[in-house]
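Throughout, read-outs are computed from the coordinates displayed, never taken from laboratory work. Please read all numbers here as calculations on a predicted model, not as lab measurements. Glycine gets a Cβ as well: all are built from the backbone with ideal geometry, and neighbour counts include every protein chain shown.
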Amino acid sequence: MGLRSFIHKMTAPRLRGVLPRGDLKMVFVVNHSLKMGKGKIAAQVGHGAVQSVMKAGAKKPEYLEAWLASGQKKICVKGDDADHLSRIESQAKQNHILTSCVHDAGHTQIPSGSFTILALGPAESDALEPITGTLKLL
């Protein structure tokens, strides 16, 4: 058992819901209008992944457990701008999909408070497809 698995087993809340069916993934919608560099995007997606895992552990531990067990699939796609990310977030929330918003601290390339990443999930791929399926891969 790896360290991550050990820590997860020790700290994860007991499952209380029905396990999700089908393929699970997280989708990270990148605010393409900010023209972030590759390293900046990677850091912001990392923030989104951590936020999503923590939120799922608290609100939907059965989804987190299933996602961890299935290979932790993650997809990065392009969003047009902050308004586009907000519209996607609203649609996801209407469909009961967990969302996490990443806003930059402003220490490097972009202004403080910029909406950089919208993280969705973990959720069933079938639930995410109508929301993010038309977006281009990063």
_Of 38, 74, 60, the one that fluctuates the most in a GNM where the chain has Cα springs shorter than 10 Å_ = 38
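What is the Cα convex hull volume of the chain when expressed per residue in Å³?
Values: hull volume 16.0 nm³, N = 138.
Dividing the Cα hull volume of the chain by its residues yields 116 Å³.
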*asked:* Placing +1 on the Cβ of each Lys and Arg and -1 on the Cβ of each Asp and Glu in the chain, which of 44, 30, 57 has its Cα farthest towards the positive end of the resulting dipole?
replied: 57
*Compute the relative contact order of segment 32-132 as a whole-number percentage, counting only Cα pairs closer than 8 Å that sit 6 or more residues apart in sequence.*
34 percent
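Restricting to DSSP H runs of at least four residues, report the calculated mean residue ellipticity at 222 nm for the chain, -39500 (n - 2.57) per run over all residues, nearest 500 deg cm²/dmol.
Numbers: 5 runs with 61 residues, N = 138.
Computed ellipticity for the chain at 222 nm equals -14000 deg cm²/dmol.
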*Counting Lys and Arg as +1 and Asp and Glu as -1, each charge on the Cβ, what is the dipole of the chain about the Cα centre in debye, to the nearest 20?*
400 debye
